[in-house]
Amino acid sequence: MSIPPPSGPQQPQDPYGPAYPQGAHPQDPYGRQPYGPQGPGPWPQAPYGAPPYPTWGQGYSPFNRPSPVNGVAIAALVLGILCFLPAVGLILGIIALVQIRRRGERGKGMAIAGAVLSSVGLALWVVSLSTNVASDFWEGFKEGAVGSSFSLAKGDCFDVPGPDFDENVYDVDEVPCTGEHEGEVFAVVPLSGGDFPGDDRVTDIAEDKCWTLQDAYVLDHWSLPPEVDVYYLTPTAESWDWGDREITCVYSHTDGSAALTGSLRADASTLDADQVAFLEAMNAVDEVLYEEPEDYAEEDLLANQVWAGEVAEATDARAEALEAHTWPAAARGPVAALVKEMRRAGKEWTAAGTSPNVDAYYEHYDKAYAYVDGDSTVTAREALGLATTPPAYDAEGEDSGGDGGGEDAGGLEV
């Protein structure tokens, strides 16, 4: 038989624990009367016997958490400040405002600022395009980019980043010529034309111009060390498009890992008037001597006879120039002695030019060449304070150092 429930209102069982009896409350461990909502007294009955106070982890947070910042607003502000892609920055600013309104996020100020700055940037771009300001700016930027890497002028010395002075040069560091350096600029050759002329054409121009212009930078060929040679930095098709339109003629060590010390410059800016007058006279004779025909007299006697006659004329003319110059007291005697030998050499060159056969030609040729860079030349140079060690010549009669262009000379692309 079932026992009927007791009469009176029933309270369902608390699923989390036993319910307190009707009107009862937990006992204060210190014997104090618990406080109800209106002061001391019993707590109001909680439904289903649940505790009358909130506990952690039941949907209540101990702190108020702020709403997140809209990420699109941040992007809009960044683009607006940098003035980069202003149209995109404006669109992002508008999108951010819509998202903030719908989601209740923060960042409204950033979105507005980004949209405004992007609007200003967009307006400036429109004005610049309509007035070619942007085009001028871009051209200036390209010129500056090229100039920043190879803004080298005549007389500058530089180092090349990297282990040595190889075939490709992408950048240079200008350094004082008084210390160690890898290269010294002796000439800069501008190139004209709209289209890149091609690597072969640029190389031909560099070889022709650099070998000629070195004489204006180093009048005293004897002062060039034998390990120094001529190189040139030439533009490539890529650098040409960026405004690189110059050939840079350079002296450098034949050993790519070695360095030069001190400037090689020997022109009117570093020499006195007497030294310049002497060197100009002697170099004029040397220039004709370097034009000796490639074919020997046995192969083409006439060509060699014509050349010998030209050397005779140059030698006599330079002897007269030296004789007419007023020299310092210490140099008058040595220069006068040199002039006498030059006149003897001129007679031998004239005889070689009119020789009846190859044997007669070589007889006068050898006597004439014996005066070239002889003892009288060394003595005159010493009296004028110039270098006194004659340059070594290769098999073709050219200087093996910087003046003649040794086998290691060549072009470097930039």
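Quick grid of which residues meet (1) assigned to a loop (DSSP other than H, G, I, E, B); (2) in contact with a strand residue (DSSP E or B) (Cβ under 9 Å, 6 or more places away or on another chain); (3) without any contact (Cβ under 8 Å) to a residue 24 or more places away in the chain:
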position	(1), (2), (3)
P225	yes, yes, no
V230	no, yes, no
W240	no, no, no
G243	yes, no, no
S257	yes, no, no
S263	yes, yes, no
T270	yes, no, yes
(request) Give D220, D195, D171 a once-over and let me know the one that is touching a helix residue (DSSP H, G or I) at 6+ places or on another chain (Cβ under 9 Å) and within 30 Å of L386 (Cβ to Cβ). (result) D220
(request) Could you list all residues from region 281-291 that are buried (at least 16 other Cβ atoms within 10 Å of the Cβ) and either assigned by TED's automatic domain parsing to the domain that holds D366 or of a type in the set (A, V, I, L, M) (or both)? (result) A281, M282, V285, V288, L289
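Being closer than 29 Å to A303 by Cβ, more than 50 Å from the chain's Cα centre (by Cα) and among the basic types (K, R): is that true of R318 here?
Here the answer is no, as R318 does not meet what is asked.
Here is a yes/no grid of residues against (1) at pLDDT 95 or above; (2) exposed (fewer than 15 other Cβ atoms within 10 Å of the Cβ); (3) among the basic types (K, R); (4) in a loop (DSSP other than H, G, I, E, B):
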residue: W349; (1), (2), (3), (4): yes, no, no, no
residue: D373; (1), (2), (3), (4): no, no, no, yes
residue: E382; (1), (2), (3), (4): yes, yes, no, no
residue: L386; (1), (2), (3), (4): yes, no, no, yes
residue: T389; (1), (2), (3), (4): no, yes, no, yes
residue: G406; (1), (2), (3), (4): no, no, no, yes
(message) Checking V306 against (1) assigned to a loop (DSSP other than H, G, I, E, B); (2) of a type outside the set (G, A, S); (3) more than 19 Å from L271 (Cβ to Cβ): exactly one of these is not met. Which one?
(response) (1)
(request) Give the residue that is surrounded by the most Cβ atoms within 10 Å (Cβ to Cβ), with candidates limited to residues of region 233-280 that are in contact with a Lys or Arg (Cβ under 7 Å, 6 or more places away or on another chain) and over 18 Å from D156 (Cα atoms). (result) P235
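H221: over 21 Å from S151 (Cα atoms), over 24 Å from the mean Cα position of the chain (by Cα) and either surrounded by 20 or more Cβ atoms within 10 Å (Cβ to Cβ) or in contact (Cβ under 8 Å) with a residue 24 or more places away in the chain (or both), yes or no?
Spelling it out, H221 is indeed over 21 Å from S151 (Cα atoms), over 24 Å from the mean Cα position of the chain (by Cα) and either surrounded by 20 or more Cβ atoms within 10 Å (Cβ to Cβ) or in contact (Cβ under 8 Å) with a residue 24 or more places away in the chain (or both).
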(request) Would you please name the residue that is nearest to E280 (Cα to Cα), looking only at residues in region 362-371 that are surrounded by 16 or more Cβ atoms within 10 Å (Cβ to Cβ) and not charged (D, E, K, R)? (result) Y371
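The values are calculated or read from the model by the stated rules, or taken from the named source; none is laboratory data. It should be emphasised that the depicted structure is a prediction, and the values quoted were computed from it without experimental measurement. Cβ sites come from the backbone with ideal geometry, for glycine too, and all protein chains shown count toward neighbours.
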